[in-house]
Amino acid sequence: MAKLYTPAMAAVAKKRARSKRKATSGQSTPSREAWKRLKRNRLAIAGMVILAALILVAVFADFLAPRGYDVQNLSERNLPPSLKHLMGTDNYGRDILSRVIYGTRVSLPIGFICVIIAFAIGGTLGAIAAFKGGRTDNIIMRIMDIFQSIPPMLMAIAIAASLGNGALNLVLAISISTMPARSRIVRAAILTVKRNDYIESARAIGASSRRQLLKYMLPNAIGPILTSFTFSVATAILTVSSLSYIGLGITAPTPEWGSMLSAGKELLRQAPHVLLFPGLMIMVTVLALNLFGDGLRDALDPRLK
Amino acid sequence: MFKYIIKRLLWMIPVVLGVLSIVFILSEITSGDPVDAIVGYDAPIEVREAKREELGLNDPVAVRFISYIVKVVTRGDLGESYATGRPVLDELLARFPNTLILTFASVIVALIIAIPLGLLSAVKQYSVIDNASMAFALFGVSIPQFWFALLTLLLFSVKLRWLPASGIDRLAGWVLPVAMVGIANVGNIARTARSSMLEVVRQDYIRTARAKGQKEIIVVVVHGLRNALIPVIANVGNTIGVSLGGAIIAESIFSISGVGQYMLLAINQRNWPSIQGGIVLLALAFSVTMLVMDLLYTAIDPRLRAEFKAKNKIRAKKNSDGEAA
């Protein structure tokens, strides 16, 4: 039989779809309610705007930066901020503004990637632990306990020291050291929804474990996970900068904000401006993430308000 | 209760073995030959080989792993520093007190500042005090600790000359390091205390206390505080972990002779026994602290005690049912 699908029929279908969409758009779903609450939170919106701006700066760094991040000019060392160099120059005569701008390309992606990996590994383990329960839960969580008996910062330092410098090693160090904490968050989130009736009914209609977990539990448990994701990125960015500051992460000439400060203590007397702006950028980024995270938490869990 | 304590103590055995295994694996995957670090790159091949044999580097991995664990567990032998040739344990123990003082002083200072801040914010929700202290707390969790340290150095020791920039020979030398390590915790604890107090003031027992005409200060401090502090105390372990991490960095910024500074120096020198030793010591100290905190926490919170008893009862009942069937 030939397929009969005339333009007129397509138009009718389109119209129907549109009216359907219109009908549902007025309905309130939990995520729409959360978005409404988030929109009302001015601080959270401010955080979001700052983050968006930082991402734009990272994307258009080549156009925004007045100079390359590694262009040295030894005759212009440690100059204070002026019209020519808005944030001054560092001890190699590099333009700090340019380096700060290019720094968004380092800290933001690394922070996000660390957290994504930590959640991918830790979260999967936590979800399995919560879903299976019993002995599996016990074994997974006891292993996490052992990992957590080394404080995360110490663990990250240890891993970074053993793997050596570089972005990839830094990502590994931070992901592995924060993984146990992330597994706990996902486990707790899954446990809270596990006993609900809709999970029972999913099991009753024969949904596979995978489907139960991914289709029914995860979407309902996503609130606390998303909130914790945002805060984790903030912490990861702080850790990246701390490790780079002590020389265990990203090293020169890559313009990482923390490593830009590592020469700071020696320059404290002659050129304090060198340590002002990179630190300010870290703080603004982390602050934006924290503001957004706070807003997200309040929006997703209105009881806490 | 007694059973729980024994169980918790026995749990230390896998923790210690786990920490040692992690540290051993890390030292295995590290690049660079330890012999280079001891005798230098240009030493003759015979000297290098002799050193390899002496250190047991030619043994299979499994043998080295077992001998490492046996050495640490039975004799507390963490090896000898490549840099000085002295036992790592001695070098570490000489520096450990400073790290402990810095870590715990900053935890205590953070608790003293943050708890009243959080409580006040919750009691006067949405007031100027609330907004100001929450802004401060947010600032505390968002500022990079080492940058905060550099800024305070600039202000208090370079510009104002009130406090020394490094060294702890005077008590004033501790002020900036403790502030640096404490700042992140102040923010965290104040935020936790506020949200937990907000939850508590909505409870029935607070309404009851108010209804019977109790003074507000007693309602807040006696009825509210005790319950609101539970999440804060439950989180002290985490707080100590954060402080320990901060202390490592603070020691190198303020030139405090502690385990952290020792480790960072060892990392630069590729001096693995010292790095390993530092991690093992700090991780064990942290685990013991967590153990003590856990035991204290169970002793303090009557709900946990009750839960534990109830669990035992259920278990006892199950057992007897099982026997009956």
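Taking 10 °C and 1.306 mPa s as the conditions, I'd like the Stokes-Einstein D for the protein assembly as shown in µm²/s, using the Kirkwood hydrodynamic radius from alpha carbon pairs.
Numbers: Rh = 27.4 Å.
For these conditions, the coefficient is 58 µm²/s.
Within the assembled protein chains, the solvent-accessible surface assigned to B:LYS124 is about 110 Å², based on a 1.4 Å probe. When the Cα positions of A:LEU243, A:ALA53, A:THR285 are compared along the charge dipole of chain A, A:ALA53 comes out farthest toward the positive end, with charges on each C-beta of Lys, Arg, Asp and Glu.
Measuring between alpha carbons in the structure, the pairs from A:LYS194/A:LYS215; A:LYS265/B:LYS159; B:LYS124/B:LYS212; A:LYS36/A:LYS132 lying more than 24 angstrom apart are A:LYS36/A:LYS132. Taking other residues whose beta carbon is less than 10 angstrom from the beta carbon of A:LEU79, and scoring Lys, Arg as +1 and Asp, Glu as -1, yields -1. Computed with every protein chain present, the accessible area of A:ARG182 is close to 30 Å² [probe 1.4 Å].
Hey, can you find the accessible area per residue of chain B for me, probe 1.4 Å, expressed in square angstrom? Present the calculation step by step, with values, prior to reporting the outcome.
Working: 16510 Å² over 325 residues.
Heavy-atom accessible area per residue stands at 51 Å².
Heavy-atom accessible area buried between chains A and B is around 3900 Å² (1.4 Å probe, both sides summed).
Ranked by the mean number of other Cβ atoms within 10 Å per residue, highest first, peptides A:159-167, A:51-59 order as A:159-167, A:51-59.
Solvent-accessible surface, computed for protein heavy atoms with a probe of 1.4 Å, shrinks by 50 Å² or more for the following residues of segment A:242-273 when the other protein chains are added to the isolated chain: A:TYR245, A:ILE246, A:LYS265, A:LEU268, A:ARG269.
Separation of segment A:94-164 and segment B:178-247, taken as the distance between their Cα centroids, equals 28 angstrom. The Rg/Rh ratio of segment A:160-245, with both radii computed over alpha carbons and Rh defined as the Kirkwood radius, is 1.16. Taking only protein heavy atoms and a 1.4 Å probe, the accessible area of chain A is 64% carbon and sulfur. Taking Cα atoms only, the orientation of helix A:42-59 departs from the longest principal axis of chain A by about 60 degrees. Principal semi-axes of the equivalent ellipsoid, √(5λ) from the alpha carbon gyration tensor of segment B:16-75, are 24, 13, 9 Å from largest down.
Whenever you get a sec, compute what percent of the accessible area on segment B:16-75 sits on carbon and sulfur atoms (1.4 Å probe). Working shown, then result.
On the way: 2240 of 3610 Å².
Solvent-exposed carbon and sulfur of segment B:16-75 make up 62 percent of the total.
Counting only alpha carbon atoms, the long axis of helix B:12-29 and the longest principal axis of chain B meet at about 50°.
Using Cα pairs under 8 angstrom and six or more residues apart, how large is the relative contact order of chain A, in percent?
Values: 393 pairs, mean separation 72.2, N = 305.
Across chain A, relative contact order equals 24 percent.
May I ask for the Rg/Rh ratio of chain B, computed from Cα atoms with Rh as the Kirkwood radius, given to two decimals? Over the Cα atoms of chain B, Rg/Rh equals 1.08. Extension gain, A:ALA204 to A:ASP70: 0.36 nm times the residue separation minus the Cα-Cα distance gives 42.0 nm.
Using per-residue counts of other Cβ atoms within 10 Å, averaged over each peptide, order B:262-268, A:66-72 from highest down.
On the way: B:262-268: 21.3, A:66-72: 15.6.
Going by the mean number of other Cβ atoms within 10 Å, highest first, we get B:262-268, A:66-72.
Averaged over residues, the count of other Cβ atoms within 10 Å places the peptides B:114-122, B:39-47, B:88-96 in the sequence B:114-122, B:88-96, B:39-47, highest first. Both numbers refer to the Cα atoms of chain A; Rg and Dmax are 24.4, 86 Å. Calculated from the alpha-carbon coordinates, segment B:98-268 shows an Rg and a Dmax of 18.5, 65 Å respectively.
The values are calculated or read from the model by the stated rules, or taken from the named source; none is laboratory data. Just so we're clear, the structure is a prediction, and the values are computed from it rather than from any experiment. Because the Cβ atoms are built from the backbone with ideal geometry, glycine has one as well, and the counts that use them run over all protein chains shown. Side chains are part of the model used for accessible areas, which takes the heavy atoms of the whole protein and leaves out ligands, DNA and RNA. Shrake-Rupley method; radii C 1.70, N 1.55, O 1.52, S 1.80 Å.
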